[in-house]
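Visitor: Below is one structure. I have some questions about it.
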Amino acid sequence: MSEKLFDVVALGELLIDFTQNGRSEQGNLLFEANPGGAPANVLAMLRKLGKRCAFIGKVGSDGFGDMLAETLEEAGIDARGLKRDESIHTTLAVVHTFPNGDRDFSFYRNPGADIMLSEADLDMELLENCRVFHFGTLSLTDEPCISATKKAYEAAKAAGALISFDPNLRPPLWKSEADSRAAIEWGLSRCDFLKIADNELLFMTGETDFDKGAAILRERFPNIRLLNVTAGADGSYSYYEDKRVFMPACKLGGVIETTGAGDTFCASVINFVLEHGMDGLTEAELEEMLLFANTAAYLVTTKKGAIRSMPEKEQVLKIIGR
């Protein structure tokens, strides 16, 4: 890949995740305001790995928007592509955590500032100067952000960027199941490498068998050169050319909540592609990729939130014995 100003540019939602954090003296639930949003989470982890990153998205001209802009700066993420909406508030999500650390989301986004990103808001210089362009489907739920996402993809692809895609399915944000499936198909048909969760694989293929589900996607979307499936606490799978690799999850205890785990995994894979390319990967290299990604994803589950909870590279390497 040729030299570019940024390693990764990501487009999409930047929001506040309100996560449960105990109870007050009166017995009321307390919620902590954690900066989040899948594309921004991915960039935060990539910064921990020393990569040059920029974000494209929109927040409100409100206190939460100020907080998120400061968070990007604190994380070392270039924020010239972050726009502010004067009339629509920053998007919010309430994260309900279950005893096993899994979670459910309730969104305050009807509308939210993130979906107000328009084609005119795009910083084309960013899109033309990145090695990897990353996006999900939350920017494909509503206009004008749908058009902005598609224009951004076209600009990055034309400039030679590799395309990374994570469906990040959130059913409550879609008008219909058909709309969400169509948006995921659009992303699948355009990415070079993919991170997809087990529930999303089931949603798109009807298969609970990961090998069969991956085979269906690879046949329908031959553009996907590297396909990775995350299976939560079980581990992850990688499919590349004729290779199939499985890596068990890191299970050292202390899981608080799983917010950001998939994004941390995704960032680790993007980092691997940046450092190794996508040609001639061996099974040993794919195992190394999954081992690092699984371990990093585990570490983020031992803290609340995502952007400010990403692990240091040295922490990951210490656990895997490097």
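Throughout, read-outs are computed from the coordinates displayed, never taken from laboratory work. If you're wondering where the values come from, they're calculated on a predicted model, not measured in any experiment. So basically every Cβ, Gly included, is an ideal-geometry build from the backbone, and we count neighbours across all protein chains shown.
Visitor: If neighbour count is taken as other Cβ atoms inside 10 Å, put F18, F265 in order from fewest to most.
Guide: Result, fewest neighbours first: F18, F265.
Visitor: Helix-only estimate, please: 222 nm mean residue ellipticity of the chain, summing -39500 (n - 2.57) across DSSP H runs of length 4 or more and dividing by its residues, to the nearest 500.
Guide: -11000 deg cm²/dmol
Visitor: Taking the Cα centre of region 134-285 as origin, work out the dipole magnitude from +1 charges on Lys and Arg Cβ and -1 charges on Asp and Glu Cβ, in debye rounded to 20.
Guide: Its charge dipole is roughly 280 debye.
Visitor: Moving on to the next point. Taking the inverse of the average 1/r across all pairs of different Cα atoms in the chain, what Kirkwood radius in Å do you get?
Guide: Mean inverse Cα-Cα distance, inverted, gives 19.5 Å.
Visitor: Which whole-angstrom value gives the distance between the alpha carbon centres of region 24-53 and region 142-181?
Guide: Rounded to whole Å, the Cα centres lie 22 Å apart.
Visitor: Can you tell me which of 245-258, 307-320 comes out highest on packing, and rank the rest after it, using the mean Cβ neighbours within 10 Å?
Guide: Packing order, densest peptide first, comes out as 307-320, 245-258.
Visitor: According to the Cα gyration tensor, what semi-axes, each the square root of 5 times an eigenvalue, does the equivalent ellipsoid of region 1-47 have, listed from largest to smallest in whole Å?
Guide: Equivalent-ellipsoid dimensions as semi-axes: 36, 9, 5 Å.
Visitor: As an exercise, use a Förster radius of 41 Å and the Cβ-Cβ distance of K150 and E314 to find the FRET efficiency, rounded to the nearest 0.05.
Guide: Rounded to the nearest 0.05, the efficiency is 0.60.
Visitor: Continuing with this model, one more query. Just to be sure I understand: if I project the alpha-carbon convex hull of region 13-84 onto a plane and average over all orientations, what area do I get in nm²?
Guide: 5.4 nm²
Visitor: Exposure proxy check: K151, K48, K243 ranked by fewest other beta carbons within 10 Å?
Guide: K243, K151, K48
Visitor: Output the peptides 172-181, 135-144, 292-301 sorted from most to least packed, where packing is the average of other Cβ atoms within 10 Å over each peptide's residues.
Guide: Answer by packing, highest mean first, reads 292-301, 135-144, 172-181.
Visitor: If you don't mind, there's one more thing I want to ask. Suppose every Lys and Arg Cβ carries +1 and every Asp and Glu Cβ carries -1, with no other charges. What dipole size does region 1-120 come out with about its Cα centre, to the nearest 20 debye?
Guide: Here region 1-120 has a charge dipole of around 320 debye.
Visitor: Another question, if that's okay. Specify whether the C-alpha gyration tensor of region 129-271 places it in the rounded, prolate or oblate class, a ≥ b ≥ c being the square roots of the eigenvalues: rounded for a/c under 1.5, otherwise prolate if a/b is larger than b/c and oblate if not.
Guide: rounded
Visitor: Could I have the simple spin-label model distance between A284 and E125, label points 7 Å from Cα toward Cβ, reported in nm to one decimal?
Guide: Roughly 4.4 nm, to one decimal.
Visitor: Moving to a separate point now. Highest first, please rank the peptides 182-192, 208-218, 277-287, 122-132 by the mean number of other Cβ atoms sitting within 10 Å of their residues.
Guide: Final packing ranking: 122-132, 182-192, 208-218, 277-287.
Visitor: How much length is gained on full extension from K243 to I256, taking 0.36 nm per residue of separation minus their Cα-Cα distance?
Guide: The K243-I256 span can extend by a further 1.3 nm.
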